[in-house]
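Notes follow the structure.
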Amino acid sequence: MPVDNSRLKGFFRLDVNQRRQMVATMAELSPDAIEALASHGELSEQAADRMIENVIGTMSLPVGVATNFVIDSKHYLIPFCLEESSVVAAASNMAKRCLKMGGFKTQTDGPIMIGQLQVLDLDNPVEAGTAILENKQELIDLCNSLPSTMVRLGGGCKDIETRILDSMNGRTLVIHILVDTRDAMGANAVNTMAEMISGRVEEISGGRVHLRILSNLASLRLARVSATFTPEELSNDGNPIEGAKIIDAILEAHDFAMIDPYRATTHNKGIMNAISPIALACGQDWRAIEAGCHAWAAVEDGCYKSMSRWSKDELGNLVGWLETPMAVGIVGGASKIHPAARANLAILGVESAQELAGVIAAAGLAQNLAAMRALATNGIQAGHMKLHARNLAVSAGAAGDEVELLADLIKQKGGPITQGLVDEELLKMRDSL
């Protein structure tokens, strides 16, 4: 269920069990959900063996909860599943900095997915395309003859479109079936529909249907999010002059990502640092989401650029906006099979796939700003290496209380943090005790 307040003061100071119990209470998690999180999210071998082939074991990643998110006037605790330090803290920090202006606002398209049929060996692809459109209602009805809960709930194939593309094999007819997948991601249903109608498409067009497959460029299933940040909120101590300088520096960084694909790739990776971990935590096809997001970043004019857009309004506030494909679901797939994914969806408390899409997009925008603000001020390593020091301490052989002691010692020294430095300081620390 949705939480009443995502502002959890001192949350990071609690131990893991205390955090889990607090979140479980706020989200009213079931005993099974609590157990799924407490057991490190591990699957049983039997469950894992049903999910993929040739299973030999499972592997864990940390799940952290981002706080402070207010999205469309609702509070959310957002689970992230990833191995990279500083990401959860950075997203939470940026979410807190836009609360004065009401948090994040979202708008999402209906859950329309595209299935493609590639039709080859046509004498006249244009005439074949016309014939398909003349018979599209028959094809739509054939798609919707699929015995499916999705169709019974009002989803299913809603339209058919055609495209003519030039290829090495000559002019190719491509047919798009537009399928309302309701609260499912919908890949299996779309693929089944595309295969169901392929024979009839061949009869109507006189061609040969080759590929019949869902497209992960979900251009009809976009999630949009915007947020406004005041100069005071973006400064370190509420100083509007400092905040205005930070905003200008962020806009200069954004401009770089709009003109250079080398920078845009890293810039967009920062956005995906939130999108993919949330998708993974909630049992989504995060590879499909990644592919769709990156493709959309190059659709406008064929040049890969920033997924986000940042500008300054007439009051000097920083305004962020993100529009990207977001094919997610809350029914079916790993979201229902994996116990930890079910628990994480319960923490989010989302009631539809569209709501989940908006939440993920909002976190992506927050994480994007966190990375740009860090780069434009102290540099990305200041916050990143602060938390990474613990990992280096463990790699050096620190154990128990030594980990925090060594990490604190390294941070106090300042300067670059390397594994060699941590190894050396561990030896010194032990010799001094």
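The values are calculated or read from the model by the stated rules, or taken from the named source; none is laboratory data. Just so it is clear, the structure is predicted and the values come from calculations on it, not from any experiment. Methodologically, a virtual Cβ is constructed for each residue, glycine included, from the backbone with ideal geometry; neighbour enumeration extends over all protein chains shown.
Is it true that some residue in region 310-322 is buried (at least 17 other Cβ atoms within 10 Å of the Cβ) and under 20 Å from Cys81 (Cα atoms)?
No; the residues of region 310-322 include none that is buried (at least 17 other Cβ atoms within 10 Å of the Cβ) and under 20 Å from Cys81 (Cα atoms).
Exactly one condition in (1) at pLDDT 95 or above; (2) surrounded by 14 or more Cβ atoms within 10 Å (Cβ to Cβ); (3) in a loop (DSSP other than H, G, I, E, B) is not met by Gly102; state its number.
Unmet condition: (2).
Is at least one residue of region 159-176 closer than 29 Å to Thr324 by Cα, touching a His at 6+ places or on another chain (Cβ under 8 Å), surrounded by fewer than 17 Cβ atoms within 10 Å (Cβ to Cβ) and not hydrophobic (A, V, I, L, M, F, W, C)?
yes
Does region 254-271 hold any residues that are of a type in the set (A, V, I, L, M, F, W, C) and within 15 Å of Trp321 (Cα to Cα), and which are they?
Initial filter on region 254-271 (of a type in the set (A, V, I, L, M, F, W, C)): 256-259, 264, 271.
Correct list: Ala257, Met258, Ile271.
Is there a residue in region 289-302 that is outside any helix (DSSP H, G or I), buried (at least 23 other Cβ atoms within 10 Å of the Cβ) and either small (Gly, Ala, Ser) or over 17 Å from the mean Cα position of the chain (by Cα) (or both)? Break it down into steps so the answer makes sense when it comes.
So the first thing to find is which residues in region 289-302 are outside any helix (DSSP H, G or I), and the list is 300-302.
Next, from what is left, pick out any that are buried (at least 23 other Cβ atoms within 10 Å of the Cβ): none.
So far as region 289-302 goes, no, none of its residues is outside any helix (DSSP H, G or I), buried (at least 23 other Cβ atoms within 10 Å of the Cβ) and either small (Gly, Ala, Ser) or over 17 Å from the mean Cα position of the chain (by Cα) (or both).
Just to verify a result, which residue in region 24-60, among those that are touching a helix residue (DSSP H, G or I) at 6+ places or on another chain (Cβ under 6 Å) and among the aliphatic types (A, V, I, L, M), is surrounded by the fewest Cβ atoms within 10 Å (Cβ to Cβ)? Spell out the reasoning first.
At the first step, the residues of region 24-60 found to be touching a helix residue (DSSP H, G or I) at 6+ places or on another chain (Cβ under 6 Å) are 24, 27, 29, 33-34, 36-37, 41, 55, 58.
Among the residues that remain, those that are also among the aliphatic types (A, V, I, L, M) are: 24, 27, 29, 33-34, 36-37, 55.
Working: Ala24: 19, Ala27: 21, Leu29: 21, Ala33: 20, Ile34: 18, Ala36: 22, Leu37: 22, Val55: 14.
Looking at residues that are touching a helix residue (DSSP H, G or I) at 6+ places or on another chain (Cβ under 6 Å) and among the aliphatic types (A, V, I, L, M), I get Val55.
Is it the case that region 36-54 has a residue that's hydroxyl-bearing (Ser, Thr, Tyr) and at pLDDT 90 or above? Spell out how you get there, then give the answer.
In the first step, residues of region 36-54 are kept if they are hydroxyl-bearing (Ser, Thr, Tyr); the result is 39, 44.
Those still in the list that are at pLDDT 90 or above too: none.
So far as region 36-54 goes, no, none of its residues is hydroxyl-bearing (Ser, Thr, Tyr) and at pLDDT 90 or above.
What helices (runs of 4 or more DSSP H) completely inside region 184-275 contain at least 3 residues that are in the same structural domain as Ala371 (by TED's automatic domain parsing) and surrounded by 19 or more Cβ atoms within 10 Å (Cβ to Cβ)?
Working: elements: 187-205, 231-234, 240-259.
Ranges flagged: 231-234, 240-259.
What pairs can you find where one residue is in region 236-263 and at positive phi, the other is part of a helix (DSSP H, G or I), and their Cβ atoms are less than 9 Å apart, with a gap of 6+ or different chains?
Gly238/Glu232
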